[in-house]
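Worksheet: the structure to be examined is printed underneath.
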Amino acid sequence: MEKLKKYVSVKDEDQFYHQGAVELLVFNFLLILTILTIWLFKNHRFRFLHETGGAMLYGLVMGLIIRYATKASDVESGTVYECEKLKSGPSTLLINITNQVYEYQYKREISHHNVNGHQGNAMLQKMTFDPSIFFNILLPPIIFHAGYSLKKRHFFRNLGSILTYAFLGTAISCIVIGLIMYGFVKAMVHIGQLKGGEFHFTDCLFFGSLMSATDPVTVLAIFHELHVDTDLYTLLFGESVLNDAVAIVLTYSISIYSPKENPNAFDAAAFFQSVGNFLGIFAGSFAMGSSYAVVTALISFIHLTKFTKLCEFPMLETGLFFLLSWSAFLSAEAAGLTGIVAVLFCGVTQAHYTYSNLSPDSKMRTKQLFEFMNFLAENVIFCYMGLALFTFQNHIFNPLFIFGAFVAVFVARACNIYPLTFLLNLGRKQKIPRNFQHMMMFSGLRGAIAFALAIRDTESQPKQMMFTTALLIVFFTVWVFGGGTTPMLTWLQIRLVLSLHEDLKAEAASQSASNLDKNTTKAESAWLFRIWYGFDHKY
């Protein structure tokens, strides 16, 4: 205790806060470098490395410097002291050390084999984010912006196809990845790289669900810049938006699947309970997000009319819009639902109803606000991915598992796109051509959602192996597939509208046709949308 007292001092407390400032400064410089790089890329029309790939590269270099250029702390942190009188972990711990009382807050439970990873370099410990930061702060603005910036006309025209890829496709991808990885896990057990009871089939399905979350942000940015065919853009964008929501709920449902006897055996009761949880959580989150959006729309409509004239104060109107949208996320989390799904459908519904009721200033402000928040949050996550390769202290690199994961991801993407497109084309008037299918197969990048789901739980060794592998797959797909988007578009001979004037002209003609004849738009749309359109238009 005397030795412990020697190190616990005001100087150590100041050092802790200084390290926090250094951590924020590191991310600040990384974002500045990323923004300058984006300007350089746009100025020179450089499309072989997207801004997210650049952010990851800068994070990688910074992580390398922090890992090997900073020395281990002399402070005796991470030492385990036995407390036999405590029967459970208290939320707040008061320790009396020679008449000086110190307060410690509960952070998380640590497995015995991870204790060494929390010792030594205090800087590395500070640079390891709490996973709740991703789900509660960084992901909500990204998901909300995806829903709020949705191009409704093209989205609903392809609604049936998008829902098929997002729900059925994600389920197929999860199962295929799970089965392939289970085969590789059995091989690893056979050659002695794993113990028999360490990795269960449910763990493989868990890995399959988190790796089924696609995030083609790099591809979509290039599509937008080159004005690629609108239907291809909409199919990819719509699939990725809904797919993220499905993957998050599916991952949670699999994590609570617990057979009573053998973890590798099929338990019908546990299976149907997980399916029920999936449907209940998804439906509840959808209802929660949509309800908040409808309430916001009603409030905006009342303020827009003769009652209160809040529209005369755009700052207050924008603030109310933001806080009500954020409330959808918080309410869903508080109710035990999924805030990410709630905030996604809140964004979609806000775009459809609330946006039209906002004042012109608030329309511009909300668009710019959420676009900026999306840009900042996305680049922070990709910077941190680069950092995490060196700052995360419990990586497990297993070549066979990594190779199996790459094979599984590509096979699962093929099993998702080609069979489902064949079935969809049987009922579609406007078929999805073969070159579009190849491009969709190529565009199945992994990104922020897969990373956030993987880092959420890294306590056990199988979860650490999954996290390391997921991180490598994100690196590979963003750099290789993201960088190869433009050559692939050329090779597949997909139509580009390189002239912005032509694109705007076509968009104006499309908008004019939509305004003149809504029945035509209705006829073009998916049958599911036609049912909803009739209800929405009437009521």
Item to complete: Compute the relative contact order of region 130-497 as a whole-number percentage, counting only Cα pairs closer than 8 Å that sit 6 or more residues apart in sequence.
Response: 29
Fill in: Global form of region 451-491, assessed from the alpha-carbon gyration tensor, a/c cut-off 1.5
prolate
Practice prompt. Go through Lys429, Lys42, Lys463 and list them by solvent-accessible area, largest first, probe radius 1.4 Å.
Written response: Lys429, Lys42, Lys463
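Quick check on my link table: of Lys42/Lys151; Lys151/Lys431; Lys42/Lys429; Lys151/Lys538; Lys363/Lys429; Lys152/Lys431, which ones sit more than 32 Å apart, alpha carbon to alpha carbon? Mind showing how you got there, number by number?
Numbers: Lys42/Lys151 24 Å; Lys151/Lys431 20 Å; Lys42/Lys429 38 Å; Lys151/Lys538 22 Å; Lys363/Lys429 36 Å; Lys152/Lys431 20 Å.
The pairs that break the limit, which is 32 Å between Cα atoms, are Lys42/Lys429; Lys363/Lys429.
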Fill in: In order through region 468-474: 3J(HN,Hα) via Karplus (6.51 cos²θ - 1.76 cosθ + 1.60), integer Hz, x for Gly, Pro
4, 5, 4, 4, 5, 5, 4
Discussion item. Within 10 Å of each candidate Cβ there may be at most 13 other Cβ atoms; applying that plus a DSSP loop requirement, which chymotrypsin sites (Phe, Trp or Tyr not before Pro) in region 206-235 survive?
Written reply: none
Worksheet item: region 130-497: D in µm²/s via Stokes-Einstein (Kirkwood Rh, Cα pairs, 4 °C, 1.567 mPa s)?
Response: 60
Fill in: Phi-based couplings in Hz for region 272-278 (Karplus 6.51, -1.76, 1.60; Gly and Pro marked x)
5, 5, 5, 4, x, 5, 4
Item to complete: Please list 404-417, 186-199, 334-347, 430-443 highest first by mean number of surrounding beta-carbon atoms within 10 Å per residue.
Response: 334-347, 404-417, 430-443, 186-199
Worksheet entry | Area accessible to solvent at Tyr252, 1.4 Å probe radius, in Å² | 100
Item to complete: Express the carbon and sulfur contribution to the solvent-accessible surface of region 140-265 as a percent, rounded to the nearest whole number, probe 1.4 angstrom.
Response: 62
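The values are calculated or read from the model by the stated rules, or taken from the named source; none is laboratory data. These figures come from a predicted structure and were not determined experimentally. Backbone-built Cβ (ideal geometry, glycine too); neighbour counts: all protein chains shown. Just the protein is used for accessible areas: all its heavy atoms, side chains included, with ligands, DNA and RNA removed. Shrake-Rupley method; radii C 1.70, N 1.55, O 1.52, S 1.80 Å.
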